[in-house]
Amino acid sequence: QGRVAILELKALAGPSEPVAHVDPIPLFKSDPSLTAELYRPESRTALPVMVYLHGGGWVLGNHTGVDAVVRMLVNRSGCAILSMDYRLAPE
């Protein structure tokens, strides 16, 4: 129930801002369910990269649930952001 409830909070963030690029990144060939998304602003130069781990106490949430927040951070920071997914407890 907690996992469903936290993902429903995504709607409160409002519409997601556009960013120049969002690329899926596979993390492990052995476990295709674990992925990341690389969000990037438009840039012709190398960018700093921030790694974003969603909240949820290692039990709730996922990287898609924080899409709007990550897009806002990309647009305001000028950084590329790698939004990581990870296994949740007790899995």
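The values are calculated or read from the model by the stated rules, or taken from the named source; none is laboratory data. Everything numeric here is computed off the predicted structure, so don't read it as measured data. Using ideal geometry, Cβ is built from the backbone for each residue, glycine included, and neighbour counts are taken over all protein chains shown. SASA here: full protein model, heavy atoms, side chains in, ligands and nucleic acids out. Shrake-Rupley method; radii C 1.70, N 1.55, O 1.52, S 1.80 Å.
Per-residue surface analysis assigns Val74 an accessible area of about 0 Å², computed on protein heavy atoms at 1.4 Å probe radius. Averaging 1/r over every pair of different alpha carbons in the chain and inverting the result gives a Kirkwood radius of 13.9 Å. Given the options Pro90, Gly78, Ala5, identify the residue whose Cα lies farthest towards the positive end of the charge dipole of the chain (+1 on Cβ of Lys, Arg; -1 on Cβ of Asp, Glu). Working it through, the farthest residue towards the positive pole turns out to be Gly78. The solvent-accessible area of Asp31, taken with every protein chain present and a 1.4 Å probe, is close to 30 Å². Helix 67-77 and the longest principal axis of the Cα set of the chain meet at an angle near 30°.
Calculated on C-alpha atoms, the gyration radius of region 39-91 divided by its Kirkwood radius gives an Rg/Rh of 1.06. Full extension of the chain between Asn75 and Leu12 gives 20.8 nm of extra length, using 0.36 nm per residue less the Cα-Cα distance. Model label points for Leu34 and His21, set 7 angstrom from Cα along the Cα-to-Cβ axis, are 2.5 nm apart. Using θ = phi - 60° in the Karplus curve 6.51 cos²θ - 1.76 cosθ + 1.60, the 3J(HN,Hα) couplings for region 15-29 round to x, 6, 6, x, 10, 5, 9, 9, 10, x, 10, x, 9, 9, 5 Hz; x is entered for Gly and Pro. Solvent-accessible area of Ser33, probe 1.4 Å, all protein chains present, reported in Å² to the nearest ten, please. Its heavy atoms expose roughly 80 Å² to the probe. A Cβ-based charge dipole, computed about the Cα centre of the chain with Lys and Arg at +1 and Asp and Glu at -1, lands at about 140 debye.
Taking label positions 7 Å along the Cα-Cβ direction at both Leu88 and Gln1, the computed distance is 1.5 nm, reported to one decimal.
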